[in-house]
Amino acid sequence: MRNSPALTSRLLSPRREPDLDRLRHAVHGKTILVTGASFGLGEATARALAAAEAQVLLTGRTSDRLQEVAASVTAAGGRAVVY
């Protein structure tokens with residue numbers, strides 16, 4: 001089976017900017033568990049999902065940092081719960 005040119009192009013050159021409207025449509029009103037949410041990619045993912053109107057459940061190794069991330073998400077209008 002051969003890959004289509006469009007698929008090959010998307011795999012080799014993925015979008016660099018996230019489409020917030022598309023993400024919002026996919027996650028609006030859903031609850032999503034984010035692991036490793038205290039730092040790095042996990043934190044960025046949690047913030048992006050919260051900005052797209054999902055409720056995020058935050059898990060990670062550093063509880064103090066998770067509390068900070070949750071407070072920041074909440075202050076920005078999102079919904080976050082530390083687990």
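Structure remark: mean-square fluctuation, Gaussian network model of the chain, C-alpha springs under 10 Å; the largest value among T45, T62, T35 belongs to T62. Here the simple spin-label model places points 7 Å from the Cα toward Cβ, and for E68 and H25 these points are separated by 3.7 nm.
Computed over the chain, the per-residue total of -39500 (n - 2.57) for DSSP H runs of n ≥ 4 gives a 222 nm mean residue ellipticity of -14500 deg cm²/dmol, rounded to 500.
On a per residue basis, the chain carries 74 Å² of accessible surface, using protein heavy atoms and a 1.4 Å probe. Remark: the chain carries a charge dipole of roughly 340 debye about the Cα centre, counting +1 on each Lys and Arg Cβ and -1 on each Asp and Glu Cβ. The fraction of accessible area contributed by carbon and sulfur in the chain is 55 percent, rounded to a whole number (1.4 Å probe; ligands and nucleic acids excluded). Using a 10 angstrom cutoff on alpha carbons, build the Gaussian network for the chain and name the most mobile of L23, L49, L41. Judging by the Gaussian network model, the answer is L41.
The values are calculated or read from the model by the stated rules, or taken from the named source; none is laboratory data. On a predicted model such as this, the values are computed, not experimentally measured, just so you know. For neighbour counting, all protein chains shown are included, and Cβ atoms are generated from backbone atoms with ideal geometry for every residue, glycine included. These accessible areas exclude ligands, DNA and RNA; they are computed on the full protein's heavy atoms, side chains included. Shrake-Rupley method; radii C 1.70, N 1.55, O 1.52, S 1.80 Å.
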